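Following: one structure in structure tokens, then a few remarks.
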Amino acid sequence: MKRLFVKTYGCQMNVYDSARMADLLAPLGYAATEGPEDADMVILNTCHIREKAAEKVYSELGKLRKLKESKARSGGGMLIAVAGCVAQAEGEEIIARQSAVDLVVGPQSYHRLPEMIAKVTRAGGQALETDFPAEDKFDALPQQNSNAGPCAFLTVQEGCDKFCTFCVVPYTRGSEFSRPVAQILKEARHLADLGAREITLLGQNVNAYGGEGTDGESWSLAALLHALSRVEGIERLRYTTSHPRDMSEELIAAHGEIEKLMPYLHLPVQSGSDAVLNAMNRQHTADEYRRIMDRVRNARPDIAISSDFIVGFPGETDEDFEATMSLVREVGYAQAFSFKYSRRPGTPASTARKQIPEDVKSARLEALQALLVSQQQRFNKSCEGRTLPVLFEKPGRKPGQAVGRSPYLQPVHVDGAEQLLGEIHAVRIADVLPNSLRGSLVSAKNREAALTL
Ligand code: SAM
Ligand code: SF4
């Protein structure tokens, strides 16, 4: 028995990939362990989206090198692999900067890990694999064998053809690719058998999904969601991350038609200024985004909206930033992520002349985050006193406590509910905490009514 420690950085797609790498290495005798100390192999599954995320990897590699050296002194060994988007973007440079690294593997080629491990253990040296191979990675991966838990991720789409001028994804994840419907349905049924009750469909541009359907035609994300809603055992569906340009009428309508599709939409807008959106190559205006919001809210009036924002994009003026603040005030977000613009090598915006000073970026981020936090608190407060169906996901910190998710993705703590993991129960929301809600179970007789939102 060998031990494997996988450390995951970045997005949910990396969380999914990490689990698949663990599945892939299980037949080689690798079982998961909690830390690098007792690991025979460590995989850092990395993120390249912002400078800070990428730099974290090199500081972690420095620590791992020391651990590897101390293991070698006592006659042991440890393989170090760098996977994910830093591996794809920096390839050879990682090996040059950190000689303790044995394997570098990009997100499209990690199905080749077993042969790479065999090569370095047999012949020594280092192995690098950052092609976008022609064969389908998903066909080569084994069936998932790790218990996904009640809430599972399922990657249905990868890559991006949109080339926003700030973003590395089109370079690290390659062009848009959608998995066939039959493959996805098979994986969803298997996840349900393993105990999943909620599936979040993942893709860098998930609503650009256009995989081969069971009739041989190309299916939209809406059609895929309808098919998945019929999978027995799956009670909830979500999808992320979407692009406003691909928010079709059919997908918007699906929010009103599919009961299992949760009333939560993460639709990043990045900026409220048309000049900035244009410079970012987002290919829509702020008003087009507002109209999408109106239509989505028409289809599903209680939907909770989330977004990503970038402040301090090159050339962003005070007026541009104010346009973002106005958009936020108008839309009203239940939750959101906001970042300072980070210059990424190889992207067009990184060489733009009008870079914004760091102190201006910080001040704008602070103002935006204060507004977003107040909106999140207002949204959470509006749930106080309501009864919501909660899918219990994991034990809480206190004995007997369970933590679950509301339909709006809020974490909900409930005492005395640990035995209910994997089940959906009606919970009366009593308190709003800074990052979560606290509630109590509703008696069985009120359950039926409460579960219908
Ligand atoms: N595909 C999604 C979309 O089009 O909105 C976004 C995917 S990206 C992995 C996640 C978020 O990271 C983006 O929405 C953006 O807000 C942020 N991001 C990407 N590149 C960035 C950069 N160079 N600086 C700061 N934030 C960035
Ligand atoms: Fe990056 Fe999303 Fe733009 Fe693609 S659409 S380039 S993933 S921000």
Please count how many residues of region 149-174 are within 13 Å of ligand 1 (Cβ to nearest atom) and either small (Gly, Ala, Ser) or at positive phi (or both).
2
Does residue 264 count as open to solvent by 10 Å² or more (accessible area, probe 1.4 Å), touching a residue at least 12 places away in the same chain (Cβ under 8 Å), away from ligand 2 (no atom under 16 Å from the Cβ) and not β-branched (Val, Ile, Thr)?
yes
Taking interchain pairs and intrachain pairs at least six residues apart, which have beta carbon atoms under 6 angstrom, with the first residue in region 163-174 and farther than 16 Å from residue 343 by Cβ and open to solvent by less than 20 Å² (accessible area, probe 1.4 Å) and the second in a loop (DSSP other than H, G, I, E, B) and within 6 Å of ligand 2 (Cβ to nearest atom)?
170/160; 170/163; 173/204
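One line per residue, one yes/no per condition, for (1) within 23 Å of the chain's Cα centre (by Cα); (2) of a type in the set (A, V, I, L, M):
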position: 356; (1), (2): no, yes
position: 360; (1), (2): no, yes
position: 368; (1), (2): yes, yes
position: 375; (1), (2): yes, no
Any chance you could count how many residues in region 292-321 are without any contact (Cβ under 8 Å) to a residue 40 or more places away in the chain and either surrounded by 14 or more Cβ atoms within 10 Å (Cβ to Cβ) or within 16 Å of ligand 2 (Cβ to nearest atom) (or both)?
2
Residue check for residue 250: out of contact with any helix residue (DSSP H, G or I) (no Cβ under 6 Å at 6 or more places or on another chain), over 30 Å from residue 48 (Cβ atoms) and surrounded by fewer than 21 Cβ atoms within 10 Å (Cβ to Cβ)
no
Selection from region 340-349 of residues that are within 8 Å of ligand 1 (Cβ to nearest atom) and more than 23 Å from the chain's Cα centre (by Cα):
349
Regarding region 97-105, can at least one residue be identified that is in a helix (DSSP H, G or I) and away from ligand 1 (no atom under 16 Å from the Cβ)?
yes
Among the residues of region 36-55, which ones are at pLDDT below 95, open to solvent by 10 Å² or more (accessible area, probe 1.4 Å) and either aliphatic (A, V, I, L, M) or touching a strand residue (DSSP E or B) at 6+ places or on another chain (Cβ under 8 Å) (or both)?
38, 49, 50, 53
Any idea which residue in region 175-191 is farthest from ligand 1 (Cβ to nearest atom), counting only those that are open to solvent by 20 Å² or more (accessible area, probe 1.4 Å) and outside any helix (DSSP H, G or I)?
180
Applying the selection to region 67-106, what residues are of a type in the set (Gly, Ala, Ser), over 28 Å from the mean Cα position of the chain (by Cα) and open to solvent by 30 Å² or more (accessible area, probe 1.4 Å)?
70, 72, 74, 75, 76, 77, 96, 99
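Here is a yes/no grid of residues against (1) hydroxyl-bearing (Ser, Thr, Tyr); (2) farther than 25 Å from residue 214 by Cβ; (3) within 10 Å of ligand 2 (Cβ to nearest atom):
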residue	(1), (2), (3)
153	no, no, no
166	no, yes, yes
178	yes, no, no
183	no, no, no
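The values are calculated or read from the model by the stated rules, or taken from the named source; none is laboratory data. No experiment lies behind these values; they were computed from the predicted model shown. Glycine gets a Cβ as well: all are built from the backbone with ideal geometry, and neighbour counts include every protein chain shown. The area values use the complete protein model at the heavy-atom level, side chains included, leaving out ligands, DNA and RNA. Shrake-Rupley method; radii C 1.70, N 1.55, O 1.52, S 1.80 Å.
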